[in-house]
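Input: a single structure, listed below in C-alpha cells.
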Amino acid sequence: MPGTPDIPDGLPDRLGALAPSLGPVRLVAVDGHAGSGKTTFAARVAAALGGAPVVHLDGLATHEEPFGWVGRLRSQVLAPLAAGRAAEYQVYDWTLRRFATSRRIPAAPVVLLEGVGAGRRAVRPALAALVWMELDAAAARRRGELRDGPELAEFWAGWARAERAHFAADPSRPYAGLRVDGVTGRIVRGTVGDPAHGP
C-alpha cells in the first residue's frame, strides 16, 4: 500500500537479540491507531525474521467487544506460549459476526502481536518490546477509510469513538520503547531505537 512504512535497518536483529519475555518467546507488540500501518509493518518485520508468526488482534476482537479481547488473548495465546507450547486462537469473522476459524501460533523465538491496543496495560508485562506506529488518529483514519471504501464509513465512525475511549483510559504510546513513523518507516528521534539515543 502506498505510504506504508518499510522497516528500520537492523530492527529484526535487535528484536531477535532481546531477552525472552514469555517463556521462550520474545513477544513484540506493534500498536498504533487504526490505519497507521501496523499490519503491513508487522508483516514486513515477520518476513525479515524468516517468517515469525503474527497474532492479529482484529481476530480476537468482536463487534460487541472491540477491546474486550484480553481474556481470550491470555487463555488462548499467552498462557500456551509462556509454557513453551504452540498456541491456537479462535479467529473472529467480521462478516459472519462470529468466531469461525482458528489459527495456530508456534512458540517461535519472536512472535508479533499486532493491533490497536497491543501495548495495553494488561499485556505489557508479557512484552519484550513495544513498537508504536507514529501517525496521528486523523491521518490514520483517512488512510483506513481510503483503503476500506465508503461502504465501511459507518463502521469507521463507531470504531473511532471506541478507539478514542480506549487510548484515553489505557494509552500505549507513552510506554513504547520504539516509535516508528507510520509513513516513512524511520525511527522517531528520542526513542530507544534511535541511534542518537543509544541502546
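The values are calculated or read from the model by the stated rules, or taken from the named source; none is laboratory data. Values in this document were obtained by computation on a predicted structure and should not be read as measured data. Don't worry about glycine lacking a Cβ; one is built from the backbone with ideal geometry, like all the others, and counts go over all protein chains shown.
Checking each residue of the range 40-49 against the condition of being among the basic types (Lys, Arg), over 17 Å from residue 107 (Cα atoms) and either within 16 Å of the chain's Cα centre (by Cα) or part of a loop (DSSP other than H, G, I, E, B) (or both) gives at least one match. Can you name every residue in the range 93-138 that is surrounded by 13 or more Cβ atoms within 10 Å (Cβ to Cβ), at pLDDT below 95 and in a helix (DSSP H, G or I)? Once the filter is applied, which keeps residues that are surrounded by 13 or more Cβ atoms within 10 Å (Cβ to Cβ), at pLDDT below 95 and in a helix (DSSP H, G or I), the range 93-138 yields only 137.
Here 161, 179, 141 are screened, and the one residue that is at pLDDT below 80, outside any loop (DSSP other than H, G, I, E, B) and among the basic types (Lys, Arg) is 141.
If we scan the range 20-28, do we find a residue that is among the β-branched types (Val, Ile, Thr) and either within 30 Å of residue 161 (Cβ to Cβ) or in contact with a strand residue (DSSP E or B) (Cβ under 6 Å, 6 or more places away or on another chain) (or both)? The answer is yes, given that some residue of the range 20-28 is among the β-branched types (Val, Ile, Thr) and either within 30 Å of residue 161 (Cβ to Cβ) or in contact with a strand residue (DSSP E or B) (Cβ under 6 Å, 6 or more places away or on another chain) (or both).
To keep it simple, each residue is scored yes or no on (1) under 21 Å from residue 168 (Cα atoms); (2) out of contact with any Ser or Thr (no Cβ under 8 Å at 6 or more places or on another chain).
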| position | (1), (2) |
| --- | --- |
| 53 | no, yes |
| 56 | no, no |
| 61 | yes, yes |
| 66 | yes, yes |
| 74 | no, yes |
| 77 | no, yes |
| 81 | no, yes |
| 85 | no, yes |
| 94 | no, yes |
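Residue 63 passes every criterion in (1) under 18 Å from the mean Cα position of the chain (by Cα); (2) in a loop (DSSP other than H, G, I, E, B); (3) not acidic (Asp, Glu) apart from (1). Hey, does the range 54-61 have a residue that's modelled with pLDDT of 90 or more, under 23 Å from residue 139 (Cβ atoms) and small (Gly, Ala, Ser)? Yes, there is a match, as at least one residue in the range 54-61 is modelled with pLDDT of 90 or more, under 23 Å from residue 139 (Cβ atoms) and small (Gly, Ala, Ser). Check the range 100-112 and report whether any residue there is more than 28 Å from residue 14 (Cβ to Cβ) and touching an Asp or Glu at 6+ places or on another chain (Cβ under 6 Å). Yes, there is a match, as at least one residue in the range 100-112 is more than 28 Å from residue 14 (Cβ to Cβ) and touching an Asp or Glu at 6+ places or on another chain (Cβ under 6 Å). Among the residues that make up the range 69-81, is at least one of them part of a helix (DSSP H, G or I), more than 16 Å from the chain's Cα centre (by Cα), surrounded by 22 or more Cβ atoms within 10 Å (Cβ to Cβ) and of a type in the set (A, V, I, L, M)? Yes, the range 69-81 contains at least one residue that is part of a helix (DSSP H, G or I), more than 16 Å from the chain's Cα centre (by Cα), surrounded by 22 or more Cβ atoms within 10 Å (Cβ to Cβ) and of a type in the set (A, V, I, L, M). Any residue that is small (Gly, Ala, Ser) and under 14 Å from residue 115 (Cβ atoms) - is there at least one of those in the range 5-25? The answer is no, given that none of the residues of the range 5-25 is small (Gly, Ala, Ser) and under 14 Å from residue 115 (Cβ atoms). Surrounded by 21 or more Cβ atoms within 10 Å (Cβ to Cβ) and at positive phi - does that describe any residue in the range 22-33? Yes - at least one qualifying residue is present in the range 22-33. Evaluated against (1) surrounded by fewer than 22 Cβ atoms within 10 Å (Cβ to Cβ); (2) of a type outside the set (A, V, I, L, M, F, W, C); (3) within 14 Å of the chain's Cα centre (by Cα), residue 13 falls short on exactly one condition, (3). All conditions but one from (1) in contact with a helix residue (DSSP H, G or I) (Cβ under 8 Å, 6 or more places away or on another chain); (2) touching a residue at least 24 places away in the same chain (Cβ under 8 Å); (3) not hydroxyl-bearing (Ser, Thr, Tyr) apply to residue 77; the one that does not is (1).
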